[in-house]
Each structure stands twice: as C-alpha cells, then as structure tokens.
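**Student:** I have a structure here, written as structure tokens, and I will follow up with some questions on it.
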Amino acid sequence: MGRKKEFPVRITLPLAEGVTERMDALVSGDETRLDLIRDAIERELRRREEARPGTQTKPPSGKGG
C-alpha cells in the first residue's frame, strides 16, 4: 500500500504576472513555492480566526506549531 498523502486537497490558483518570480526571489534553501504559499495561507487563516469572536484556531495536522 502506498503512503498516505500529506496534502490530499489540490487547488489551482491564478496569480498576477510577476508573482511567481517574487516568490522565487524569497524562498531559500530547500524551501519551495508551495511551502511559502502554505505558510502564508496558514498565517492568514490564523489571523482572521483570531480576529473573529468565538472562532478557535486549530493547528494544522502534521505541524508542531
């Protein structure tokens, strides 16, 4: 049996011209564009959840925090 996918959901995201080049200029070491995007999404979700009364932030599975 194959290993379980860590990220089973996929999305396609149209971006403005030049965005991928900006991301590439900021990633470092073994980090990828996907790492940058996932981190940015998690940060923004946490920020919005914390700003909304009564919303509890659930840490993403597989991450220590």
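The values are calculated or read from the model by the stated rules, or taken from the named source; none is laboratory data. Small disclaimer: the values here were computed from a predicted structure and weren't measured. No Cβ is skipped: glycine too gets one built from the backbone with ideal geometry, and neighbour counts run over all protein chains shown. We work out accessible area using only protein heavy atoms, side chains counted, and drop any ligands, DNA or RNA first. Shrake-Rupley method; radii C 1.70, N 1.55, O 1.52, S 1.80 Å.
**Student:** Within segment 1-28, how many residues are in contact with a Lys or Arg (Cβ under 8 Å, 6 or more places away or on another chain) and either in a helix (DSSP H, G or I) or open to solvent by 100 Å² or more (accessible area, probe 1.4 Å) (or both)?
**Tutor:** Of the residues in that region, 3 qualify.
**Student:** Give the residues of segment 29-48 that are surrounded by 10 or more Cβ atoms within 10 Å (Cβ to Cβ) and charged (D, E, K, R), sorted by residue number.
**Tutor:** 31, 33, 35, 38, 39, 42, 43, 44, 46, 47, 48
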